[in-house]
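Worksheet for the structure shown next.
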Amino acid sequence: MTFHLLMTRQLLHLILKMKTTKLMERIKSKIKNLSSKYMLLPFLFLTTPLAAQTESSTGISQTTAFYVVIGLLIIVSLLVILLAFNIVSLLKAVVQKEMSPEKKASMEKEPSWFAKTWAKWNDLKPLEEEQDIMLDHDYDGIKELDNHLPPWWKALFYLSIVYAVIYLMVFHVFKSAPLQEEEYEIEMALAQAAKSNMEQTIVVDFDESNVPFNDDAEALADGKKFFEAQCGMCHKADGGGLAGPNLTDDYWKHGGSMTDIYNVIKNGVPNTAMISWESKLNPIRLQNVASYVKSLRGTNPPGALPPDGELYVEESNQ
Ligand code: HEC
């Protein structure tokens with residue numbers, strides 16, 4: 001305790017003195033030195049992906065940019081760590097200079113933090129005490145020690161058990177994330193949707209001013225499939241609402257008629273997470289999804305969000 005207090009006082013004392021001593025200058029020049037030495041590194045990394053760029057002539061692809069940024073981040077963090085080590089060693093040298101010889105000797109005797117941690121996580125018997133754990137196995141002079149399992153190994157082992165439990169809960173008990181097969185199904189459904197969207201422009205005789213509700217079971221099933229895959233992340237697969245509002249009650253922010261719903265899905269709500277889906281959905285599927293949303297009314301899913309917006313009263317039998 002007193003040692004720590006002393007150290008803190010010494011450090012404070014030192015920092016106060018810094019302005020007047022040459023230490024500041026030394027640290028500065030050290031930093032300058034270091035940075036000029038390592039500053040070139042990022043550019044080296046930057047040029048590699050640029051040279052390897054073949055996919056497009058218009059610029060760096062997103063993946064490349066991602067790796068460049070990650071690479072730069074790693075380099076900068078390494079630089080910062082290097083600098084920190086340099087500064088610490090400098091400070092240490094200065095602090096030790098001002099210490100009495102006895103203190104210095106006692107400090108040198110104490111193992112470093114790293115050495116202590118290393119010893120703790122390996123838990124090896126020192127060479128001199130190995131006799132205590134020597135087994136009486138002897139194979140042509142090759143003997144065996146009865147060492148403990150190293151604590152780092154045990155820690156990894158326990159961690160893997162914890163991970164396994166979490167994995168089991170997430171994927172098999174609560175099923176809160178899709179398994180590989182379901183993930184595959186979802187992706188296939190998305191690809192299918194994208195494909196059918198690309199097949200020639202579909203001419204329809206309605207738009208957001210007069211789109212009719214389609215109660216055809218096949219249309220609703222198609223809308224449901226798309227809704228669960230694409231809209232569920234914000235409105236919940238059952239429409240109860242998460243980041244986006246509840247779509248199963250009688251309260252709507254933008255109106256609850258078929259045309260209102262179709263309009264919101266087609267054009268989105270500016271400056272909210274509700275984007276325009278026009279480019280991703282052909283009009284038929286848009287009508288199917290809107291019809292499905294409309295059909296959710298009064299389903300009362302468990303855990304739904306409270307009402308948001310204004311009460312919408314059905315005008316006709318739409
Ligand atoms: C990224 C999140 C997100 C996704 C994905 C999303 N929505 Fe929304 N949605 C919202 C938010 C947020 C609002 C509320 C906008 C506002 O504040 O006006 C909203 C509003 C709506 C509304 C109007 C609700 C009302 O009260 O008037 C409808 C209808 C709707 N979404 C349907 C859909 C459908 C259908 C899809 C899938 C094609 C979808 N949303 C996908 C976030 C999302």
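The values are calculated or read from the model by the stated rules, or taken from the named source; none is laboratory data. These figures come from a predicted structure and were not determined experimentally. Don't worry about glycine lacking a Cβ; one is built from the backbone with ideal geometry, like all the others, and counts go over all protein chains shown.
With the structure loaded, tell me whether LYS294 is at positive phi, surrounded by 14 or more Cβ atoms within 10 Å (Cβ to Cβ) and more than 8 Å from the ligand (Cβ to nearest atom) or whether it fails that test.
For LYS294, the condition - at positive phi, surrounded by 14 or more Cβ atoms within 10 Å (Cβ to Cβ) and more than 8 Å from the ligand (Cβ to nearest atom) - is not met.
Give the residues of the stretch 174-204 that are farther than 25 Å from LEU296 by Cα and loosely packed, with under 10 Cβ neighbours inside 10 Å, sorted by residue number.
If the condition is that a residue be farther than 25 Å from LEU296 by Cα and loosely packed, with under 10 Cβ neighbours inside 10 Å, then GLN180, GLU181, LYS195, MET198, GLU199, GLN200, THR201, VAL203 are the ones that fit.
What number goes with the only condition from (1) over 23 Å from LEU311 (Cβ atoms); (2) away from the ligand (no atom under 11 Å from the Cβ); (3) touching a helix residue (DSSP H, G or I) at 6+ places or on another chain (Cβ under 7 Å); (4) not hydroxyl-bearing (Ser, Thr, Tyr) that PHE227 does not pass?
Every listed condition holds for PHE227 apart from (2).
For the stretch 257-279, check the following and say yes or no: at least one residue is near the ligand (Cβ under 10 Å from one of its atoms), on the phi > 0 side of the Ramachandran plot and surrounded by 15 or more Cβ atoms within 10 Å (Cβ to Cβ).
Looking for residues that are near the ligand (Cβ under 10 Å from one of its atoms), on the phi > 0 side of the Ramachandran plot and surrounded by 15 or more Cβ atoms within 10 Å (Cβ to Cβ), one finds at least one in the stretch 257-279, hence yes.
Looking at LEU78, LEU90, can you tell me which residue is at pLDDT 75 or above, within 28 Å of GLU25 (Cα to Cα) and surrounded by 14 or more Cβ atoms within 10 Å (Cβ to Cβ)? Give the derivation first.
Details: LEU78 fails: surrounded by 14 or more Cβ atoms within 10 Å (Cβ to Cβ).
From the options LEU78, LEU90, the qualifying one is LEU90.
Kindly state which helices (runs of 4 or more DSSP H) lie completely within the stretch 98-175 and contain at least 2 residues that are modelled with pLDDT under 85 and aliphatic (A, V, I, L, M).
Of the helices (runs of 4 or more DSSP H) lying wholly inside the stretch 98-175, those with at least 2 residues that are modelled with pLDDT under 85 and aliphatic (A, V, I, L, M) span 101-109.
Of all the helices (runs of 4 or more DSSP H) wholly in the stretch 208-301, which have at least 2 residues that are in contact (Cβ under 8 Å) with a residue 24 or more places away in the chain and not aromatic (Phe, Trp, Tyr)?
In the stretch 208-301, 217-226, 258-267, 283-295 are the helices (runs of 4 or more DSSP H) which contain 2 or more residues that are in contact (Cβ under 8 Å) with a residue 24 or more places away in the chain and not aromatic (Phe, Trp, Tyr).
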